[in-house]
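The values are calculated or read from the model by the stated rules, or taken from the named source; none is laboratory data. This one's a predicted model, so the numbers in the text were calculated from it and none came from an experiment. Here the Cβ positions follow ideal geometry from the backbone for every residue, glycine too, while neighbour counts run over all protein chains shown. Remember, those area values only see protein heavy atoms, side chains included, never the ligands or the DNA or RNA. Shrake-Rupley method; radii C 1.70, N 1.55, O 1.52, S 1.80 Å.
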Amino acid sequence: MDLIYSSTRNAKEKVTASQAILKGLADDGGLFVPDRIPSLDVTIDELADMNYQETAYAVMKQFLTDFTEEELKDCIQKAYDSKFDTKEIAPLVESDGAYYLELFHGPTIAFKDMALSILPHLLITAARKNQVKNDIVILTATSGDTGKAALAGFADVKGTKIIVFYPKNGVSPIQEKQMVTQKGDNTYVVGIHGNFDQAQTGVKKMFQDKELAAQMDAAGFQFSSANSINIGRLVPQIAYYVYAYAKLYKKGEIAKDEKINVVVPTGNFGNILAAFYAKNMGLPIAKLICASNENKVLFDFFRTGTYDKNREFMLTSSPSMDILISSNLERLIYRIAGNDAAKNKELMTALTSDGAYAITEEMKEQLADFYGNYTSEAETAKVICDLYDKTGYVIDTHTAVAAGVYKKYKEETKDTETKTVIASTASPFKFTRSVMDAIDKEKYDSMTDFELVDELSRIGHVAVPKAIEEIRTAKVLHDTVCEVAEMPEVVKKFLAI
Ligand SMILES: *Cc1c(COP(=O)(O)O)cnc(C)c1O
């Protein structure tokens, strides 16, 4: 029986999985959620012998029930291929008593590749299934990382175009270089004279512009978004938790049905929500450990039951977690409200108007599986340095936030026995300067970024990833810069309409 998805803010808005992927966000601004979490229908012994692609199929078919076997397998094969630098796709590395699940072996060396490499294929399959004839035009505003991961995912995917807007003076030189060197005839990158908020507002306006939509339609195009709240990004992320568990079992590290903990460095709450869904599918997970950096809204939420974004925004060395509104948390709120769209809507309305909401005691009791804590900037650096000194393994700043919280969890709960998987969300080569400063600031301070890359490769005994090698020499292919007000004109020019 097909799974039906409904909006977290309106129980009446119901769609199929493929429609949810096409729409991204519900019309009322809510997020699509399945009417129940399906169970895994394969045994752990079967999973133990599966490769990544087979595992992904076993998990995703339970959620994307209106895709045929052939369609879904085709999407998976196209996504998890030699774009990844290891056949395992998401290898597990044991270090200092924890298992690091390396989710950074894709084209942009961060975990967003796990979902953005498959989303384009899910999207065009969904379009075909729903008799959409138009080409899909992805519009994205980025503050850096997501833009590149989306570009890499959509590059040369037939039936799609992708246009990325970024603040011309608001991303790091490496991030800019990564984007403006993007290959693929269907990719477009534009710097705007403005900040990230203006880029995002400009994109939102275009999504809502009915006249533009009509012009696009006449020319055979329609907009879609690669936003992290899309169910087509969430579902692929469930797979790697199942994969990690099965690999631990296969290696004899855990017994059948033995529970493990999962630690996730969290920003928008997508990755940890995927782990929560994995648990609800039947995967034996004990605690879901939610790690924050100094933007510790979620830590406070798990302690007090009040979500309050009214606070100073901190810039940290783990920028992909510098977030005050964790959009995907809404799916958890909806669930602990008893799948009550009206109640959830009330809280989300309060978040918009007051920047805060409080959940009831009854709802809070249902968060018992979660543990939240945070790691300060100084602690993050120390975690990187200590782990390197002890084992030689180098982790990035986001992963270090998670490792720091895991340490606090053990001290606080005395749970040192449960085997624990830490989601490792970025390669240390992506945040080389922060990582090397953490190891020895005095020694590395005067080196250039690329000297640091070579030094990291030497001390960590890991080859420089292709994604980094490429930007040393890659040609600039995109040089469009525009004013905020010109964004729609630029889009029309690209689409020749
Ligand atoms: C996006 C990102 C995160 C946060 O993941 P969410 O799903 O938004 O919670 C953590 N680490 C890195 C490196 C990221 O790019």
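Would you kindly work out the equivalent ellipsoid of segment 48-167 from its C-alpha gyration tensor and give its semi-axes, the square roots of five times the eigenvalues, largest first in whole Å?
26, 21, 10
Provide the convex hull volume over Cα atoms per residue for segment 249-288, in Å³.
Taking the convex hull of the Cα positions in segment 249-288, it is 71 Å³ per residue.
Based on the Cβ-Cβ distance of Glu442 and Asp45, what FRET efficiency does E = 1/(1 + (r/R0)^6) give at R0 = 45 Å, to the nearest 0.05? Show your work: numbers first, answer last.
Details: r = 52 Å, r/R0 = 1.16.
Calculated transfer efficiency: 0.30.
Here are some pairs, Lys161/Lys492; Lys23/Lys129; Lys256/Lys390; Lys129/Lys161; which of them have Cα atoms lying more than 24 Å apart in this structure?
The pairs that break the limit, which is 24 Å between Cα atoms, are Lys256/Lys390.
So, R0 is 30 Å and r is the distance between the beta-carbons of Lys390 and Ala474; what FRET efficiency does that work out to, to 0.05?
0.25
Just order 193-200, 109-116 by mean Cβ neighbour count inside 10 Å, highest at the front, would you?
109-116, 193-200
If you stretched the chain out fully between Val481 and Asp300, how much longer would it get, using 0.36 nm times the residue separation minus the C-alpha to C-alpha distance? Present the calculation step by step, with values, prior to reporting the outcome.
Values: separation 181, 0.36 × 181 = 65.16 nm, distance 4.05 nm.
Taking Val481 through Asp300 to full extension adds about 61.1 nm, to one decimal.
Give, to the nearest whole percent, the P(r) tail of segment 424-476 beyond 17 angstrom, counting all Cα pairs.
It works out to 33 percent of all Cα pairs.
Provide, in order from the shortest bin, the percent of all Cα-Cα pairs of segment 267-343 in each 5 Å bin, continuing until the bin that contains the maximum pair distance.
P(r) for segment 267-343, in whole percents per bin: 3, 14, 22, 25, 19, 11, 4, 1.
Among 147-157, 80-90, how do they line up by average Cβ neighbours within 10 Å per residue, starting with the highest?
Descending packing order for the listed peptides: 147-157, 80-90.
From the Cα trace of segment 306-366, what convex hull volume per residue do you get, rounded to a whole Å³? Let's see the in-between values first.
On the way: hull volume 5.4 nm³, N = 61.
Dividing the Cα hull volume of segment 306-366 by its residues yields 89 Å³.
Accessible area per residue, 1.4 Å probe, Å², for segment 343-397: what's the number? Spell out each step's value before the answer.
Details: 2670 Å² over 55 residues.
Dividing the accessible area of segment 343-397 by its residue count gives 49 Å².
Between Lys382 and Asp217, take the C-beta separation as r, use R0 = 60 Å, and let me know the FRET efficiency to the nearest 0.05.
Result of the calculation: an efficiency of 0.60.
With labels modelled as points extended 7 Å from the Cα through the Cβ direction, what inter-label distance (nm, one decimal) is found for Asp354 paired with Asp415?
So the two model labels end up 3.2 nm from each other.
When only C-alpha pairs under 8 Å and at least 6 residues apart count, what is the relative contact order of the chain, in percent?
18 percent
Among DSSP beta bridges whose residues both lie in the chain, state the antiparallel percentage, nearest 5.
Working: 15 of 52 bridges.
Restricted to the chain, the bridges split so that about 30 percent are antiparallel.
Give me the mean projected area, in nm² to one decimal, of the convex hull enclosing the Cα positions of the chain.
Averaged projected area of the chain's Cα convex hull equals 22.1 nm².
In nm, give the distance between the simple-model label positions of Gln19 and Asp449, each being 7 Å from the Cα along the Cα-to-Cβ direction.
Placing both labels 7 Å beyond Cα along the Cβ direction yields 4.5 nm.
Would you mind calculating the relative contact order of segment 356-468 from Cα pairs under 8 angstrom and at least 6 residues apart, reporting the percent as a whole number?
25 percent
What dipole magnitude, in Debye to the nearest 20, does the chain give about its Cα centre under +1 on Lys/Arg Cβ and -1 on Asp/Glu Cβ?
Using Cβ point charges on Lys, Arg, Asp and Glu, the chain gives about 700 debye.
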